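The structure appears below as structure tokens.
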Amino acid sequence: MAQETPSDNSRTLEDIEQTIDEKFRDNYGVPIWNQGPLELLTYAIAIVFFAYHMWYGYTFAIPGSRHGIIHLAMVLSLWGIIQMLGVNRSTWQGKVKTAAYGLYSVVSVMPLYIIQDNFDSIVTAAGVYQDTYVYLGIVVIALVLIALLHISRLITGVVLFGLVYSYFGPLMPGILAHRGLTPRRIITMNTLEMQGLFGTLLQISATWVVIFLLLAGLMEKYGGMASFIKGMTRLAARRKHIEIGQVAVAASMFMGSINGSTAANTATTGAFTIPLMKENGYRAKVAAAIEAVASCGGQVLPPIMGAGAFLMAELIDPNYSDIVVGAVAPALLFFLTVAVSISLGTSHTVGQNIQTTPDSRNAFKRIFDIFRHFEYLGMFTILLWYLIGIGADPMVAGFYSILALMVLRLLRVVLEIATGDDEAQPALKQYLRESLEGLRRGAEATLNITILLASLGIVIRALIVTGFAQQLSSYLVLLSGGSVITMLFLAMLSAIAFGMGMSTTAAYMIVAVLVAPSLTEIGVNEFTAHMFVFYFAIVSNITPPIALSVIIGQGIAGSDFWETALEALRIGFPMFLIPFAFFYNEALLYPGPMTIVAFLIVFAGFIAVSIGLMGRLQEEIPGYMRVAFVALGLGAIFVPTMISQAVIAAAIVAGIVYSLRTTEISPMPTTEG
């Protein structure tokens, strides 16, 4: 394979910021009224979609199951229209598809409307359902599967297996065997009983997930995402100790936390960050690996955690705010360790090829420029206050955060008009257009995740009703022989295997039902068990042979898959160690007086392991020192007593200081080529 050479391209900071705006901000050249009828219909449905969910977030006026059914009807109908927009209607095949999707968009509303209209009589039927409702249940399952097939063939196969498995239980081998369910029972348990398809997962997507995706859509269209990435890029360009790779990690973690899919985030954010890293001297495989790892990291970043926090809060006892607070220390460990690994692995081979002009602003002016984006600061303040300060329902927190963002954004526009920075009519039109596009973006982002979660409800229901989930849990405990460490490794392997090729929400739900109970059965705290399998379900995205995020990243970068995968494992090693770290250091997950001490000690351990894996500080270090750093790092993380851990952490710091001073006094000769 040919040796990769860094790019000699050099770009100005202004040029890069323009590229960011082109990538993450839209230029609305065509007025809305000049667009086609389907586009106008999409905007109209997006407005209704937004208004309905805001109304529900304020009132909670109807039962959650009924709200979920209404939400699903809107989602399926809008999904059909979006599919119509993507069809080439100039050919006869396109015209047929357009008609089919249009019919789907209309038909999908009818059975769900009838079910929600007769919600009270169905709920009180006590298992004795009219045949008409059963037939409607069949139609709804079929409609959802049609949409799911367009989104993920893998998960469609999993859902179909769940339905088939529910019926053919007596023919299954080993622990898969069960008594079998009748077709009628399979339909009713997934629809009319308000479980399965209409169960908890649909209700989560119809409340907590949708409100945050609407918020994210508005932030994106108002320019919040672009402003964040430009700010981080500007920081890297003007600070020698901050690298573009670290900016890519921050940007991808931030955006990945919201969109809930490592693969989707790698494709979208990576389309910008990977070329930018290559332009600044990063080898293709390293750039792709950094993006893949960062996209995984976004799924563990509070407060959204790729929607995983919402699902976890519904499944286990700790409330949402406790989960978010507990997840902070592990997420910081991941981000800081990966940032250090990038610096160790690339600082000697890359340079900042970004031309900048001197920043003449004083400190006051810089702070003022930050607070010019007060709409985002105000929105995040309100969000954190409602989520963590008073422990409000995430739907309520999202509701008030959206209101704050829209009002503060309008206030900023008015202030800019008042100070003469903008003309009134164009500025107000731009605000209205960005708001409308944000509502549409949020509604469209909800479609796939709602269909995925609702479909997974069928699988989860089948696993529970047939008894397979309980049997697998008992089998894993039996296989471990009562050994906690063996059980942890079995849980790790199972979570990685079940998570391969899945989105964050899909992977977590499967391992939460199949793997986490085996850990709680041997005495592991419920929150610890779910966080453990959650991390490993995510890490499957960088674990060969599937490693979906790596596949997408290396496709953008043009690198070799296996080389990129190995690089991703080397940079992303914290994802494999952090779950074990917070199992053996509970203060990381359960904040208390010793949390900061535990964090610093464990962080020292992670830095040591990173040095050993990367094989360098300022210069390459000998093999025996690499082994020593890895051994000391693992000791700082896993030695039973905190005093012993602190002693080892001190030894690590001393070793790093000694190595750096030795390098400064007697620098190793460098070899060119």
task: Filter region 93-136 down to the residues that are part of a helix (DSSP H, G or I), touching a helix residue (DSSP H, G or I) at 6+ places or on another chain (Cβ under 7 Å) and touching a residue at least 60 places away in the same chain (Cβ under 8 Å), then identify the one that is farthest from Phe198 (Cα to Cα).
output: Ile122
- line: Among residues of region 390-399 being surrounded by fewer than 19 Cβ atoms within 10 Å (Cβ to Cβ) and of a type outside the set (A, V, I, L, M), the residue farthest from Ala61 (Cα to Cα) is Gly391
message: Would you confirm, using the coordinates I've provided, whether Val459 is of a type in the set (Val, Ile, Thr) and crowded, with 21+ Cβ neighbours inside 10 Å?
response: yes
Criterion violated by Ile175 - all others in (1) of a type in the set (Val, Ile, Thr); (2) within 17 Å of Phe272 (Cα to Cα); (3) touching a Phe, Trp or Tyr at 6+ places or on another chain (Cβ under 6 Å) satisfied: (2)
Selection count where residues are of a type in the set (Lys, Arg) and not in a helix (DSSP H, G or I), scope region 561-593: 0
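Can you tell me which residue is nearest to the chain's Cα centre (by Cα) among those in region 412-435 that are of a type in the set (Val, Ile, Thr) and surrounded by 13 or more Cβ atoms within 10 Å (Cβ to Cβ)? Step through it out loud before you land on a result.
Going residue by residue through region 412-435, those that are of a type in the set (Val, Ile, Thr) are 413-414, 417, 419.
Filter again for surrounded by 13 or more Cβ atoms within 10 Å (Cβ to Cβ), leaving 413-414, 417.
Numbers: Val413: 31, Val414: 35, Ile417: 37 Å.
Selected residue: Val413.
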- prompt: Taking region 19-74, which residues are closer than 30 Å to Ile274 by Cα and part of a helix (DSSP H, G or I)?
  reply: Thr19, Ile20, Asp21, Glu22, Lys23, Phe24
field: Criterion: charged (D, E, K, R) and either buried (at least 20 other Cβ atoms within 10 Å of the Cβ) or modelled with pLDDT under 90 (or both) - qualifying residue of Glu563, Glu567, Glu586
entry: Glu567
message: Just to confirm my filter: which helices (runs of 4 or more DSSP H) fall fully inside region 242-341 and include at least 3 residues that are among the hydroxyl-bearing types (Ser, Thr, Tyr)?
response: 262-279
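The values are calculated or read from the model by the stated rules, or taken from the named source; none is laboratory data. Please read all numbers here as calculations on a predicted model, not as lab measurements. Counting neighbours? That spans all protein chains shown, and the Cβs are built from the backbone with ideal geometry, glycine included.
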